[in-house]
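Below is one structure, written out as C-alpha cells; comments come after it.
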Amino acid sequence: MSSKLFVSAQEVAEKAGVSRSAVSRTFTPGASVSAETRRRVLEAAEALGYHVNHLARGLMRNESGIVCLIVSDVATPYRSALLRELTIQLQNAGKVAMFINTDRSDGSVDRALQQAIRYRADASIILSGLPDKSITQLCLRNGQRLVLINRDDDQPGPLKINLDDFESGGRVATAFFRAGCRSLAFANSEAGTPSLMRREHGFVAAAAKLGLDVTVERHGSTGYEAGKVLAQRMLTRAERPDAVFCATDLLACGFMDAARHQFGLSIPHQLCVAGFDDIEQASWSSFDLTTFAQPVMTIATRAVEWLGSGRDDATSEVEHSVRLTAELIWRGSIRAG
C-alpha cells in the first residue's frame, strides 16, 4: 500500500475551515490575511505536514528558481570553496542549485544540461573554462540567464566575471627579479583554460620586459601529482630554474615537495616558488606558499546579485563584465628582495 507523499493546499483549507485562496495568501509574503485565519491555516498545515510547492508557484510566474552550476574539477580546494559560497548565497536568495559535473567529455554534460532545461532552470553559472562554448550557446538559446566565471566567451548577454590573471603573472615575475632570480620557469597543466593561460602569458611577457627568458612546461591535470612530474622535468635539466611560478597552488604544492624531497633543494634559498588560489594548504607551515587569493565571496556575490537583478538585455545599463583583482599573499616561498 503506497503512502501519500504530498499534502495539497485544498486539504489544508478543508481542515482549517477556510477557502483555498486563504491558504495561498497565508503563505504569500505581504499578502492580506487576518490573524485568526493565519493561525488556523498554520495549525492545519503543521498537523497535516503541508509544505508550499515553490516549484509549481514559480512556474505560474514562468520561473522555477533553479540555477544550474556547471563545474569542473569540483574536488580541488579552490573550486569546492567557490561552489560552497555560491550555493550558500543562492539558497539565501531563495534559489535552488542544480549541480552539473563537467569533468567527463562523453556527452554527459549535454545530457545533464538538457535535463536541467526540461526542469525549466532559470539560469546557469559556468564555473570553469573547460566546457565547450556550445554549452553556453545552448543555455542562451533556451532563455537562461548566464554567468561565466573565468571564461573568454565573447557573445553578448551573459555576465562575465574574470580576474586580473595577466597582471598577476607580471607581479610574480617582478617579485622573482627583485629576489635575485634570473632563471625563471612557469609550471602549468594541459587544461588550457583561459585563466591558466592568461597567467602564463602575463608571466612570460613581464619576464621578457625584464630581459629574461622563461621555460614553460605543461603536464596533465591541474593537481598535486602533475606538480611533482613538472618538478622532475624541470629540475633535472642542466640549466635548472631558480624561480618557478605554478599556475595553481595544487601544482605548487606538488612541485615544492618534489623539489625538497627528491632534489634536496631549500626553498626559498635555492628555489623560489609562487602559486595561485590561496587554498588552505598554501598557508601550512610545510609550504608557506606565496600566492594570490581569489575573491571567492565577491565572485559569488556579484553572480547572485546579477541573477536577481531581473534584467538581462545586453544593451541595458546593468553591468555585464566584471574584472576583479586577486590579492597577492606574501609568505616565505620567495626570498626578500
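Observations on the structure shown:
- So Val229, is it surrounded by fewer than 21 Cβ atoms within 10 Å (Cβ to Cβ), among the β-branched types (Val, Ile, Thr) and at negative phi: yes
Here's the yes/no breakdown for (1) surrounded by fewer than 24 Cβ atoms within 10 Å (Cβ to Cβ); (2) modelled with pLDDT under 95; (3) under 21 Å from Ala179 (Cβ atoms); (4) touching a helix residue (DSSP H, G or I) at 6+ places or on another chain (Cβ under 7 Å):
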| site | (1), (2), (3), (4) |
| --- | --- |
| Arg199 | no, no, yes, yes |
| Gly202 | yes, no, yes, yes |
| Arg237 | yes, yes, yes, no |
| Ala243 | no, no, yes, yes |
| Gly264 | yes, no, yes, no |
| Ile267 | yes, no, yes, yes |
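- Odd one out for Ser285 among (1) in contact with a helix residue (DSSP H, G or I) (Cβ under 8 Å, 6 or more places away or on another chain); (2) in a loop (DSSP other than H, G, I, E, B); (3) hydroxyl-bearing (Ser, Thr, Tyr): (1)
- Residue, modelled with the lowest pLDDT, within region 41-77, restricted to residues that are farther than 30 Å from Ala303 by Cα and surrounded by 20 or more Cβ atoms within 10 Å (Cβ to Cβ): Tyr50
- Meets criteria (in the same structural domain as Asp213 (by TED's automatic domain parsing) and either basic (Lys, Arg) or over 17 Å from Leu328 (Cβ atoms) (or both)) for Ala259: yes
- If the condition is being under 19 Å from Arg79 (Cβ atoms), in contact with a strand residue (DSSP E or B) (Cβ under 9 Å, 6 or more places away or on another chain) and at pLDDT below 95, then region 204-230 contributes only Thr222.
- Check on Val172, among the hydrophobic types (A, V, I, L, M, F, W, C), modelled with pLDDT of 95 or more, assigned to a helix (DSSP H, G or I) and under 27 Å from the mean Cα position of the chain (by Cα): yes
- Members of region 137-191 that are touching a residue at least 40 places away in the same chain (Cβ under 8 Å), among the acidic types (Asp, Glu) and in contact with a Lys or Arg (Cβ under 6 Å, 6 or more places away or on another chain): Asp165
- Verdict on Ala247 being at pLDDT 95 or above, outside the structural domain of Asp73 (by TED's automatic domain parsing) and under 30 Å from Pro156 (Cβ atoms): yes
- Flag for Ala81 being at pLDDT 80 or above, assigned by TED's automatic domain parsing to the domain that holds Ala300 and either part of a loop (DSSP other than H, G, I, E, B) or surrounded by fewer than 14 Cβ atoms within 10 Å (Cβ to Cβ) (or both): no
- Boolean, Ala121 is assigned by TED's automatic domain parsing to the domain that holds Ser72, surrounded by 23 or more Cβ atoms within 10 Å (Cβ to Cβ), touching a residue at least 24 places away in the same chain (Cβ under 8 Å) and more than 15 Å from the chain's Cα centre (by Cα): yes
The values are calculated or read from the model by the stated rules, or taken from the named source; none is laboratory data. Here the structure is a predicted model, which means the values were calculated and not measured. No Cβ is skipped: glycine too gets one built from the backbone with ideal geometry, and neighbour counts run over all protein chains shown.
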